[in-house]
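Right, one structure below, let's go through it.
None of the figures in this text is laboratory data; all of them are computed from the coordinates on show. Note that this is a predicted model, so its numbers are computed, not measured. When we count neighbours, we look across all protein chains shown, and the Cβ atoms used for this are built from the backbone with ideal geometry, even at glycine.
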Amino acid sequence: MPVSSLSNFSVPLANNAGSSSQGLLMPKLRYRFRVTLNGFGVAGNPTTELTKQVMNVTRPEVSFEEIKVAVYNSTVKLAGRHSFADIKLNVRDDVTNAVSKKVAEQMQKQFDFFEQASAASGIDYKFATLIEILDGGNGSFTPNVLETFQLDGCWIKTVTYQGGDYTNNDPLDIAMTICYDNATQVDGAGNVTGLGVNIGRTARTLAIGG
């Protein structure tokens with residue numbers, strides 16, 4: 001049986017490093033995802049409508065502050081404290097108002113706009129966000145979760161209710177900016193394999209450039 005030429009559809013590796021076959025791995029696709037908000041809004045009220053009405057979401061972005069150490073004729077640069085950028089979550093505003101009510105519940109937990117009273121502490125209103133990348137299964141074929149980003153300590157930073165437009169056919173949406181404290185990366189089996197995985201703490205030398 002002839003060898004398929006599809007095994008050559010990739011970038012050739014130096015000295016066939018890793019494998020003699022150059023076949024391309026299947027990429028994750030941007031439209032195969034699911035967002036779940038745990039602890040969002042009033043306890044006991046399901047958040048499934050939000051999950052069904054999600055339009056798009058951004059994944060975590062992490063950055064490190066730069067520490068500059070001046071030494072003689074040069075400058076050494078070190079990694080300082082890290083921070084996670086806010087994520088953007090856009091949901092469709094349905095005709096039953098289920099989505100807008102759920103968003104309002106969460107904002108009311110953070111601050112009561114009628115009584116002008118704020119929450120006593122962060123634990124009173126913070127929630128968790130799960131951004132799951134799926135494999136495309138549906139119906140009788142249960143979708144497999146390829147990867148999950150779990151965002152902890154979440155709260156709504158901004159909410160924008162999109163206005164009307166006679167020249168636009170798009171549905172009305174609610175755009176949220178969500179702030180969070182930490183993110184971990186979990187594989188389909190539920191194991192931490194990315195951000196947060198234990199790879200040990202390397203100790204080398206006291207020399208700052210070491």
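Below, the figures for the structure above:
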read-out	value
Helical mean residue ellipticity (222 nm; -39500 (n - 2.57) per DSSP H run of 4+; nearest 500) of the chain	-2500 deg cm²/dmol
Gained length - Asp86 relative to Lys52, 0.36 nm times residue gap less alpha-carbon distance	10.1 nm
Region 153-194: chymotrypsin sites (Phe, Trp or Tyr not before Pro) falling in loop per DSSP and having at most 14 other Cβ within 10 Å	Tyr166
Neighbour cut-off at most 13 other Cβ (10 Å), DSSP loop, GluC sites (Glu not before Pro), region 47-100	Glu61
Of the GluC sites (Glu not before Pro) in region 110-210, those whose Cβ has at most 11 other Cβ within 10 Å and which sit in DSSP loop	Glu115
Residue among Ile174, Val145, Phe111 farthest towards the positive dipole end of the chain, charges placed on Cβ	Val145
Under 26 Å from the Cα of Lys52 - lysines, other chains or at least 8 residues apart	Lys28, Lys88, Lys101, Lys102, Lys109, Lys126, Lys157
Listed candidates (1) 17.6, 59; (2) 16.9, 53; (3) 22.9, 76 - label of the one calculated as Rg and Dmax of the Cα atoms in Å	(3)
Packing-based order for 106-113, 34-41, using average beta carbon neighbours within 10 Å, highest first	34-41, 106-113
Percentage relative contact order, region 27-83, counting C-alpha pairs under 8 Å, at least six apart	23
With Cα atoms, 0 to 90° folded angle of helix 98-110 axis to the chain main axis	90
